[in-house]
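Quick notes on the structure that follows.
The values are calculated or read from the model by the stated rules, or taken from the named source; none is laboratory data. As the structure is a prediction and not an experimental result, all values here were calculated from the model. Here the Cβ is made from the backbone with ideal geometry for all residues, glycine too, and neighbour counts use every protein chain on show. Just so you know, the surface numbers come from the protein's heavy atoms only, side chains and all, with ligands and any DNA or RNA stripped out. Shrake-Rupley method; radii C 1.70, N 1.55, O 1.52, S 1.80 Å.
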Amino acid sequence: MAEQIALEGNQAVAEAMRQVNPDVVAAYPITPSTEVVQIFSQFAADGKVDTEFVAVESEHSAMTACISAALSGGRVMNATSSQGLALMWEMLYIGASLRTPITLALVNRALSGNINIHCDHSDSMGARDCGWIQLFCENAQEAYDTMFQAVRIGEDLRVRLPVMVCYDGFLVSHSVEMVKVEEDAAVADWVGPYVVDRPLLDVKKPYTVGPLDLQDFYFEHKRTQVEAYPGVPAVIEEVGASFEAAFGRPYGLMEPYMLDDAETAIVSLGSTAGTVKDIVDAQRAAGKAVGALKLRAFRPFPADELAAQLAGKKAVAVLDRSMSFGAASAPLYSEVTSALYARGATVPVATYVYGLGGREILPEHIEQVYEDLAAVAASQKADTQPKYLGLRE
Amino acid sequence: MPQLTEVRWHGRGGQGAKTAGYILAEAAAADGWQIQAFPEYGAERRGAPMRSFVRISDAPIRLRCPVRNPKIVIVLDDTLLGSEDVASGAADDAIVLVNTTMSPDEVRKQLSNPHLRVATVDATGIALDTIKRDIPNTPMLGALAKTTGVVTLEGAKRAVHEKLAGKLSEAVLQGNLAAIGRAYEEVREA
C-alpha cells in the first residue's frame with residue numbers, strides 16, 4: 001500500500017531513487033553534494049538496490065562517469081547542489097549534446113562568493129543554456145513524484161535528454177512534511193524498463209560519440225540538437241498525465257492557480273509558489289481578482305503555453321530567485337517577457353528579485369507585489385528594473 | 001480557513017531543537033494532521049542560538065517561511081531569555097514553555113509580552129536524572145503534552161520511540177521515555 005510518511009525532501013528523493021533502482025549512481029559523497037547521495041549510498045551498502053555506486057573524486061568526475069554509464073546503456077541517476085553543479089558545468093553540456101538520459105536531483109542553493117549554503121536558483125540558472133531539461137518542484141511530494149517522471153521523460157525515444165529535478169535547498173530539502181510514498185512495484189512498473197536504443201558497447205553496431213567535430217559539421221550537429229527540444233513539452237505533459245492516471249496527482253508544464261478570471265498574476269518557481277497560493281486565497285477572500293502561475297518546466301521553456309496563460313491579464317509580476325549579472329534583466333523575467341512580447345501580448349510585466357542566499361520570503365512580500373500590481377494594472381506601466389523583496393537598502 | 005498551529009523552538013546547537021521539532025511533527029502526523037518542520041540552519045556550532053519551526057494543520061501546508069506568529073514557543077535554554085525576544089510575534093493567547101528552574105512568574109518578568117501564558121519545567125534536571133545527559137528536548141515534549149493539546153502524552157512517547165529506537169541504547173531510550181513522563185507531571189504554569 002502507498003503510505004503517507006513524514007519525510008525530509010532529500011529523504012523523499014533518495015526513496016524515489018531506491019524505488020527506481022538505477023544501474024549506476026556516480027557521486028562525490030561530501031559537501032557540496034547532498035544528503036540524497038548519503039542516504040542512497042546507504043541503500044547501496046545495505047543491498048537494498050542493485051545499483052553500482054561509484055564514489056568519485058569530484059563532481060566533474062561524477063558527471064563524467066554518469067555520462068559514460070548512460071552511453072554504455074545504463075539507467076543513471078545522481079544528485080548535487082550549488083558548487084557541485086558548477087563544477088559539473090563542462091560535462092553538463094556534453095551530457096546533453098550526447099543525448100544521455102540522466103536524472104539529476106538538484107537541490108537549489110546559492111553559488112559562492114561569498115560562501116553561502118542556502119536556497120536560491122543561481123545554480124539552475126547558471127546551467128540553463130546547457131541543454132538539460134529543468135523541472136522545478138514546490139514541495140517534497142512534487143520532488144518525489146518528479147524523480148519518476150524525469151526518468152520517463154529523459155528516456156523517451158522522442159527526447160533522450162538529461163533531466164534536472166530542481167527543488168529548493170533547506171526549504172524543501174531539509175523540511176519534514178507528509179509525503180505519499182507509493183508501493184515499490186507500482187512505481188517500478190510505471191517507470192518501466194530502460195529501452196537502450198544504441199548502446200556504445202554493441203560491437204555489432206559500432207558508432208562514435210564525442211569526436212573532433214570542426215567547421216565542416218559541428219554547426220549542423222548543433223542545428224540537429226536544437227530539434228530535440230520543441231517536442232519535449234508534449235512529452236512532459238504526456239508523462240504527467242500518465243502519472244496522474246496511475247497515482248492521482250496531476251503534473252504538466254505549469255500550474256495555474258485561480259488564474260482564469262484573474263486580472264493580475266504572479267509567476268514563480270519552486271517552493272515560493274506555495275506561499276503565493278496562500279496569499280491568493282486571502283486576496284480572493286477579500287474580493288480581489290488575483291491569480292498565480294507556477295512554472296514547472298523552465299527548460300525547455302514552454303513559451304507558447306505560458307503566453308496563452310498570461311496574455312490578456314492586466315498586469316503580471318515575475319519573481320526571480322537569482323540574478324544574471326550584467327544582463328538586461330533577471331532570468332525568469334527575461335524568458336517571460338520574451339515569450340509574451342514575441343507573441344504580441346502587451347501585458348505589462350513587473351520584475352522582482354528575492355530570496356538570494358536563503359533570505360526569507362514572507363507573506364507580506366507577496367501581498368506587496370499584488371498591491372504593486374494593482375497600480376501597474378491601472379497605469380499599464382511596469383518598471384524595467386527589479387524591485388528587491390526583503391532586502392535592506 | 002484551515003486551522004493552523006505554529007510552533008517555534010529556541011535552543012542552542014546540540015540541545016536537540018531540530019530533533020524535537022521533527023518528533024513533535026511526526027507525533028502530530030501520526031494523529032492525522034498535516035505537518036511541516038524545519039530548523040533554521042545558520043553557522044552550525046554547538047552552543048550557538050538556533051531556532052526550529054513546526055506547523056500543524058488540518059489542510060496541506062503551503063507556506064514556506066519561518067514561523068513568526070507562534071501559538072507555542074518552547075525555550076530549551078533559559079539563558080536565551082536575556083539575549084533573544086522569544087515572545088516576538090506571539091499573540092496574547094500563546095504559551096511560552098521554558099526549560100528552567102525559575103517559576104513561571106520569574107520567567108514572565110523577562111518576556112517582552114507579560115500577557116502570554118507561561119509554563120516552566122526543569123527539563124535539564126529531569127534529563128540529567130533519567131537520560132544522564134543534558135539533552136532537554138524530549139522532556140519538553142512531555143511538558144508540551146500537559147500544557148497544550150498539540151500532542152498527547154502517549155503520542156509524544158510513541159513518536160520518540162519510533163524516532164530513536166535503534167539509534168540509542170535501550171537504557172537511553174527508556175530514559176527518554178521516563179523523562180517525558182516526569183516533565184508531564186512536573187511542568188508548572190501560572
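Examine segment A:231-252 for a residue that is open to solvent by less than 20 Å² (accessible area, probe 1.4 Å), of a type in the set (A, V, I, L, M, F, W, C) and within 14 Å of another protein chain (Cβ to nearest Cβ), and state whether such a residue exists. No: zero hits. Counting only strands (runs of 3 or more DSSP E) that sit completely within segment B:43-145, those holding 1 or more residues that are touching a Pro at 6+ places or on another chain (Cβ under 6 Å) correspond to B:49-57, B:95-99, B:117-121.
Being in contact (Cβ under 8 Å) with a residue 12 or more places away in the chain, more than 22 Å from A:Pro101 (Cα to Cα), touching a Phe, Trp or Tyr at 6+ places or on another chain (Cβ under 8 Å) and among the hydroxyl-bearing types (Ser, Thr, Tyr) narrows it down to one residue among A:Ser124, A:Ser175; which is it?
Values: A:Ser124 fails: more than 22 Å from A:Pro101 (Cα to Cα).
Residue meeting the stated conditions: A:Ser175.
Out of B:Ala29, B:Ala37, report the one residue that is buried (at least 16 other Cβ atoms within 10 Å of the Cβ), facing chain A (nearest Cβ under 10 Å), closer than 20 Å to A:Ile117 by Cβ and over 11 Å from the mean Cα position of the chain (by Cα). Spell out how you get there, then give the answer.
Numbers: B:Ala29 fails: closer than 20 Å to A:Ile117 by Cβ.
Selected residue: B:Ala37, the only one of B:Ala29, B:Ala37 that is buried (at least 16 other Cβ atoms within 10 Å of the Cβ), facing chain A (nearest Cβ under 10 Å), closer than 20 Å to A:Ile117 by Cβ and over 11 Å from the mean Cα position of the chain (by Cα).
Checking the structure you have, find out if any residue of segment A:347-367 is more than 22 Å from A:Arg128 (Cα to Cα), in contact (Cβ under 8 Å) with a residue 60 or more places away in the chain, away from chain B (no Cβ under 14 Å) and buried (at least 21 other Cβ atoms within 10 Å of the Cβ). Within segment A:347-367, not a single residue is more than 22 Å from A:Arg128 (Cα to Cα), in contact (Cβ under 8 Å) with a residue 60 or more places away in the chain, away from chain B (no Cβ under 14 Å) and buried (at least 21 other Cβ atoms within 10 Å of the Cβ).
The residues on offer are A:Ala273, A:Ala262, and the sole one that is outside any strand (DSSP E or B), within 12 Å of another protein chain (Cβ to nearest Cβ) and crowded, with 23+ Cβ neighbours inside 10 Å is A:Ala273. Here A:Leu71 does not fit the description of being buried (at least 19 other Cβ atoms within 10 Å of the Cβ), touching a strand residue (DSSP E or B) at 6+ places or on another chain (Cβ under 8 Å) and in the same structural domain as A:Thr146 (by TED's automatic domain parsing). You will find that of B:Arg64, B:Arg68, B:Arg51, the residue that is among the basic types (Lys, Arg) and either under 15 Å from the mean Cα position of the chain (by Cα) or away from chain A (no Cβ under 14 Å) (or both) is B:Arg51 and no other.
Take A:Leu293 and tell me if it is in contact with a strand residue (DSSP E or B) (Cβ under 6 Å, 6 or more places away or on another chain), under 15 Å from A:Ala350 (Cα atoms) and either within 14 Å of another protein chain (Cβ to nearest Cβ) or part of a helix (DSSP H, G or I) (or both).
So A:Leu293 does not fit the description; no.
Of all residues in segment A:161-171, those that are at the interface with chain B (Cβ under 8 Å from one of its Cβ atoms) and either under 13 Å from the mean Cα position of the chain (by Cα) or under 30 Å from A:Tyr229 (Cα atoms) (or both) total 1.
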